[in-house]
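Before any comments, here is the structure.
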Amino acid sequence: MLKIWSMKQQQQQAENAEGGAGKKKKKVTAAQLRVQRDLQELTLGTTMKMTFPNPDDILNFVLVISPDEGMYKGGHFNFSFNVNQNFPHDPPKVKCTQKIYHPNIDLEGNVCLNILREDWKPVLNLNAVIVGLQFLFLEPNASDPLNKEAAEDLRTNREGFKRNVRSAMQGGMVRGVKFEDVLR
Amino acid sequence: MTEAFPAALVGPSSKERKYDRQLRLWAASGQQALEEARVLLVNSDGPWGEQSTGVSGVVGVETLKNLVLPGIGGFTIVDPALVTEPDLGVNFFLEEESLGKSRAQETCRLLRELNPDVEGNSESKPITELLQDPNFLPQFKLVLVSGPVKRSTLSSLSSAAKALGIPVLYTRSVGFYSTFSLQLPAAFPIVETHPDPESTQDLRLLNPWPELAASLAGISNLETMDDHQHGHVPYILLLLHYLEKWKETHDGNLPSNYKEKIAFRELVRSGARTANPEGGEENYDEAVAAVLKSLNPFTLRSSLREIFEMDECNTLTSNSADFWLIASAIRDFYTKHRVLPLPGSLPDMKAQSADYVSLQNIYKSKAREDLAEVIETVRGLEAKLSPRPGQIADKDIEVFCKNAAHIKVIHGRDLPLLDGDTHTLKAIHNALGDPESLISTFLGFNILDSIITEIQTGALNQEALESSLAWEAGVDRVIQSLTSEVSATIDEETKQRILRTTQELQRMQGGDLHNVSALTGGLVAQEALKVITRQYVPLDNTCVFDGIRSRSEMYRL
Amino acid sequence: MVEINQTLRWKHLYNVLSRPGPFSDEDWVPGPETISALESSKILVIGAGGLGCEILKNLALSGFKDIHVIDMDTIDISNLNRQFLFRQSDIGKPKAEVAAAFVEKRVKGVKITPYVGKIQDKDEDYYMQFKIVVCGLDSIEARRWINSTLVSMVDFENPESLKPLIDGGTEGFKGQARVILPTLSSCIECQLDMHAPRPAVPLCTIATIPRQPQHCIEWAHQIAWQEQRKDDTFDSDDLEHIGWIYNAALERSKQFQIPGVTFQMTQGVVKNIIPAIASTNAVIAAATTSEALKIATACNPYLENYMMYAGEEGVYTYTFEAEKKPDCPVCGNLARKMTVDPNMTLEAFIETLGERPEAQLKKPSMRTEEKTLYQRFPPQLEEQTRPNLKLKLRDLIEDGQEIAVSDPAYTIDFRYRLDFS
């Protein structure tokens, strides 16, 4: 033990660090620190807004995407972000909190985005996720859907799909499912 | 998990639940082999001077613990020693009340508590006496010996086991050092070696069989497919398709060298549609990634060629083990087709469910077809060699065919001794050339063995373990036998390395530390499990562990 | 009662502690002092599972007399193939208590104090009492937590605050043991990329184009349950729940003609089961406790700092020194002490940061564990935290509290401990 400590002291002199140990006070966790940094490095643009129900808890927030072009133009889409203490080893958990008509988002709000699951890496940041989500509204992907019916519509009848998107966004029924009004 | 299982469902039995975490490694077949095996532990071998023994036998007991827990059939502990105070400081399977009682009985009793499925008994007679009974040794599938034991005991035990084809593990653990050797039969075959799943893929893309080639018809309209279809063509078919295209412009030849494969990869890449939101297609990405590793002509691995050439494979008798009959049938298959039976597994890939399943079925039916051919050959061999003890199960032949490319035969060797054959001495001498090698520790244990033998025969008294003179004499003797046999010299630095090892052993007076013996018991149990289940690949043949540097090394001695 | 002669009993252990060896340090003083240092070393074991049971046994037989153990779990039938301190009749009881009682009973003279609960329940005062922490966990998150706790406890003025962390982990025939000297050597966070993330299948594959039996199980678990049993919280230990998933997966696999869904596979996928056997645990646990003995007594040099083990093909180990990462978010930026006037406003304090020698922080965002002090971006949060700028430090933080500061101009973050003047 003594040896270890003398090593420590040498290193301390070399670095001239001024460290110190807190008493019982809790430390900012690695996940919090990383989110603080990620938030600071976001590029949100005009189509995105974030709200923090509790500003002291930066691990849980809501992202609102309001596309200004494409088929989903005019809608306001809410996503809840839940970052756990194992971030960035684990990806953030993201869900759409409204019932929407989208080939890559199912009726439970699950989102099919590769970097939220199979392609997540700790070097990716929250900005990458947000960019990915925004992209889903500009270019809904019919090829690998979560909502099979919506994808089929998009694939086989693009105009019909567009109409469905409009009516779903107004809170209408599509294929027997009632969707949420997202235009307000 | 205490409530009853819903009645409507056929759930796992309580045994399956208990062994769940290991069944995921060696499956029911491995578990069955384990449950059918009985192991012998020889945990000491008579007095060291005035002591009832100096061998604590902790490695042996800890090894048994790791075999009893997963459910070995049974064990027998042979140990004439009585429990002494130092035993209580190193052996967890003794309690204070055990003091003065038979160590064999006490350790057996406490080990049996670990698993009611396991049968255990103990013998306080010395092993040499028990070996007199010709029915004693054959009941075991494996023999474990906690050393150091008297040289003559070790020799008679290991040669008796060898004659019966029973593997032997000989272990020693002193202070921070330990070593063990595994004596296997001259040919020890393993079918389920559990290679990395990546390395077992056999897709036959360069020489597709007719049904696989025919499946290409399904994508003849590749260029005109809609984007959705195009993005879901399994990459196997993509590669086959582009190989055909390649052949059209290359005189019917396949891409054979690295340069051509790179060019081929570009050809595949250029077929991907990129005018989509993702800027590419996943199935094409998979195809591109597979070019270098999946487009290699079949070659027989040299280890397999060796097996095909072994006498056991070429001169079958009615006593030949099942392994050799199947190996011989597979050799015939190879001779005829220049490939091995298809394993039949298909990696996961981007595809529509139905397309994937039908492609998978093409691979599976081919595998079944190949298997049927091998089974037919085996049955022919069985008829020719009859009477045989029983028909080889189809299941065994199937497992063999699935694993054919990775089967292994270990050429077992006797426990390594310094007055053994020159191979051992040469191997030691070679290893000594590396200053980082742990072989000096192995030599240290060898010296310990001879000192103990001399104490046990009365040539030395027990204090010899503490005498630098005795150890130094041992080092000289070892160097002597190395140099005289291999006609090479050992430099001073190497000698000092061996001496330092003996100083550490001397520091402990031959006694062990629980941690290191427990660690060694883990390693030894691992080897025992592999030998008994005949799965994974056991040690060939000696391992040395250095707990000071937290390192281990393997040697073939 | 049998009277046991302790010197005789610990003869082998005392040999290595009372005599120098060829590799022990020249300055090392063997003998009674070393022995009593060992016996008075309080040591903490985190986890009383496969590794933990072995670790407790090994420490008790290595001369440690005051051992504590934390585990929140209860004993399950699937533990019995390796967690050798537990019996059929113990199923359902807390692991830490059963394990502690067993070892205490078997190895007389050792005191083992169990705590049934989470490591996060305990604070720095609790961890400060130990000399060494040995970890036998299967959760990365818990490892990261104890690692960052021990790193942040290091006080340069107090040698006792440095707690060596010895960590073991296994999977099937493989495992690793590592020694971490918090702030001195590579820490768990530095080595995070050595833990491969759990392989995941795209959600859309699961939803629409399953090909493997595992895809059908994931569908039942991730999608069907949510749709059909929204109101039940899924519990992977509830056999009725697993049974439901199994049946749903089986149905789906029939629909897509995918063979291979079994109950065992269902459990494996849903619970993310890692194969585990007694022998691998024995190897790794003993490797960690051997290091604990060496560190507590200096009888031989300790591992620097990582040993990998693989037993599928013979016995393979690889020992190497993992490197400390200068930009490690845990040990790369230790808290620096700073004395501040509690009456200073946050705004004024931020200005002083712009003049710090180690980094001129021009656009910092900062927080404590509980509170977002000021966050420059995104705008909504900036607006929400802006009022803090006018507040005095004393109204925002406590004396001695740590803040973490990020600034876009620097790739690393900074931690400061603010002491009130």
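The values are calculated or read from the model by the stated rules, or taken from the named source; none is laboratory data. Note that the coordinates shown come from a computational prediction; the quantities given were computed from them, not determined experimentally. Cβ: placed from backbone, ideal geometry, glycine included. Neighbour counts: every protein chain shown.
For the reader, a short list of remarks on this structure follows.
- Checking each residue in the stretch C:216-229 for being free of Cβ contacts under 8 Å to residues at least 12 places away in the same chain and within 33 Å of the chain's Cα centre (by Cα) picks out only C:Gln226.
- Taken residue by residue, the stretch B:505-522 has no member that is within 18 Å of the chain's Cα centre (by Cα), farther than 18 Å from B:Leu438 by Cα and more than 8 Å from chain C (Cβ to nearest Cβ).
- Look at the stretch C:252-278: where a residue is within 24 Å of B:Tyr356 (Cα to Cα) and at the interface with chain B (Cβ under 7 Å from one of its Cβ atoms) and a partner is of a type in the set (Lys, Arg) and surrounded by fewer than 21 Cβ atoms within 10 Å (Cβ to Cβ), sitting 6+ places away or on another chain with Cβ atoms under 7 Å, you get C:Gly268/B:Arg24.
- Matching residues, the stretch C:24-75, being in contact (Cβ under 8 Å) with a residue 40 or more places away in the chain and of a type in the set (Asp, Glu): C:Asp25, C:Glu54, C:Asp66, C:Asp71
- Index of the failed condition, B:Gly147 passing every other in (1) modelled with pLDDT of 95 or more; (2) under 23 Å from the mean Cα position of the chain (by Cα): (1)
- Residues located in the stretch B:66-94, provided they are acidic (Asp, Glu) and surrounded by 19 or more Cβ atoms within 10 Å (Cβ to Cβ): B:Asp79, B:Asp87
- Annotation: C:Ser36 fulfils all but one of (1) modelled with pLDDT of 90 or more; (2) facing another protein chain (nearest Cβ under 9 Å); the unmet one is (2).
Results for (1) over 30 Å from C:Leu334 (Cα atoms); (2) within 12 Å of chain A (Cβ to nearest Cβ), shown as yes or no for each residue.
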site: C:Asp121; (1), (2): no, no
site: C:Met128; (1), (2): no, yes
site: C:Lys131; (1), (2): no, yes
site: C:Leu150; (1), (2): no, yes
site: C:Ile166; (1), (2): no, no
site: C:Pro199; (1), (2): yes, yes
site: C:Ile206; (1), (2): yes, yes
site: C:Cys216; (1), (2): yes, no
site: C:Gln226; (1), (2): yes, yes
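- Within the stretch C:39-69, being facing chain B (nearest Cβ under 10 Å) and of a type in the set (Ser, Thr, Tyr) holds for one residue alone: C:Ser62.
- Highlighted here are the helices (runs of 4 or more DSSP H) found entirely within the stretch B:54-131 that include at least 1 residues which are closer than 27 Å to C:Trp10 by Cα and either β-branched (Val, Ile, Thr) or at pLDDT below 95 (or both): B:58-68, B:85-90, B:103-112.
- Summed over the stretch C:211-249, the residues that are in contact with a Lys or Arg (Cβ under 7 Å, 6 or more places away or on another chain) and modelled with pLDDT of 95 or more give a count of 3.
- Of all the residues in the stretch B:370-391, those that are in a helix (DSSP H, G or I) and surrounded by 15 or more Cβ atoms within 10 Å (Cβ to Cβ) number 10.
- Residues of the stretch B:180-195 satisfying the condition of being of a type outside the set (Ser, Thr, Tyr) and farther than 18 Å from B:Gly344 by Cβ: B:Phe180, B:Leu182, B:Gln183, B:Leu184, B:Pro185, B:Ala186, B:Ala187, B:Phe188, B:Pro189, B:Ile190
- Residue in the stretch C:334-344 that is without any contact (Cβ under 8 Å) to a residue 12 or more places away in the chain, touching a Leu at 6+ places or on another chain (Cβ under 7 Å) and either aromatic (Phe, Trp, Tyr) or surrounded by 13 or more Cβ atoms within 10 Å (Cβ to Cβ) (or both) present: no
- Residue within the stretch B:418-426 that is more than 14 Å from chain C (Cβ to nearest Cβ), β-branched (Val, Ile, Thr) and under 25 Å from the mean Cα position of the chain (by Cα) present: yes
- Taking first residues from the stretch C:95-106 that are over 17 Å from C:Asp66 (Cβ atoms) and partners that are among the small types (Gly, Ala, Ser) and crowded, with 19+ Cβ neighbours inside 10 Å, the Cβ contacts under 6 Å between residues at least 6 apart in sequence or on separate chains come to C:Lys95/C:Ala48.
- Criterion (within 19 Å of C:Ser78 (Cα to Cα), out of contact with any helix residue (DSSP H, G or I) (no Cβ under 8 Å at 6 or more places or on another chain) and not basic (Lys, Arg)) met by exactly one of B:Ala28, B:Ala104: B:Ala28
- Boolean, B:Arg497 is within 13 Å of chain C (Cβ to nearest Cβ), over 27 Å from C:Ala285 (Cα atoms) and either in contact with a Gly (Cβ under 7 Å, 6 or more places away or on another chain) or modelled with pLDDT under 95 (or both): yes
- Residue in the stretch C:173-196 that is assigned to a strand (DSSP E or B), facing another protein chain (nearest Cβ under 8 Å) and without any contact (Cβ under 8 Å) to a residue 24 or more places away in the chain present: no
- On inspection, C:Gly109 does not qualify as assigned by TED's automatic domain parsing to the domain that holds C:His12, assigned to a loop (DSSP other than H, G, I, E, B) and either crowded, with 23+ Cβ neighbours inside 10 Å or free of Cβ contacts under 8 Å to residues at least 60 places away in the same chain (or both).
- Taken together, B:Glu472, B:Glu454, B:Glu398, B:Glu466 contain a single residue that is among the acidic types (Asp, Glu) and modelled with pLDDT of 95 or more, which is B:Glu398.
- Qualifying residue in the stretch C:287-307 (condition: on the phi < 0 side of the Ramachandran plot, buried (at least 18 other Cβ atoms within 10 Å of the Cβ) and of a type in the set (D, E, K, R)): yes
- Some residue of the stretch A:161-184 being assigned to a loop (DSSP other than H, G, I, E, B), touching an Asp or Glu at 6+ places or on another chain (Cβ under 8 Å) and surrounded by fewer than 23 Cβ atoms within 10 Å (Cβ to Cβ): yes
- Here is the figure for the stretch B:179-206: residues that are closer than 21 Å to B:Leu157 by Cα, surrounded by 15 or more Cβ atoms within 10 Å (Cβ to Cβ) and not β-branched (Val, Ile, Thr) total 8.
- Flag if C:Glu398 is surrounded by 14 or more Cβ atoms within 10 Å (Cβ to Cβ), touching a helix residue (DSSP H, G or I) at 6+ places or on another chain (Cβ under 9 Å) and of a type in the set (D, E, K, R): no
- With respect to the stated conditions, C:Glu323 fails to be surrounded by fewer than 21 Cβ atoms within 10 Å (Cβ to Cβ), part of a helix (DSSP H, G or I) and of a type in the set (D, E, K, R).
- Residue count for the stretch B:184-232 under the criterion of being among the acidic types (Asp, Glu) and part of a loop (DSSP other than H, G, I, E, B): the result is 3.
- Entirely in the stretch B:392-477, the helices (runs of 4 or more DSSP H) that have 3 or more residues that are closer than 30 Å to B:Thr200 by Cβ and not assigned by TED's automatic domain parsing to the domain that holds B:Phe545: B:394-403
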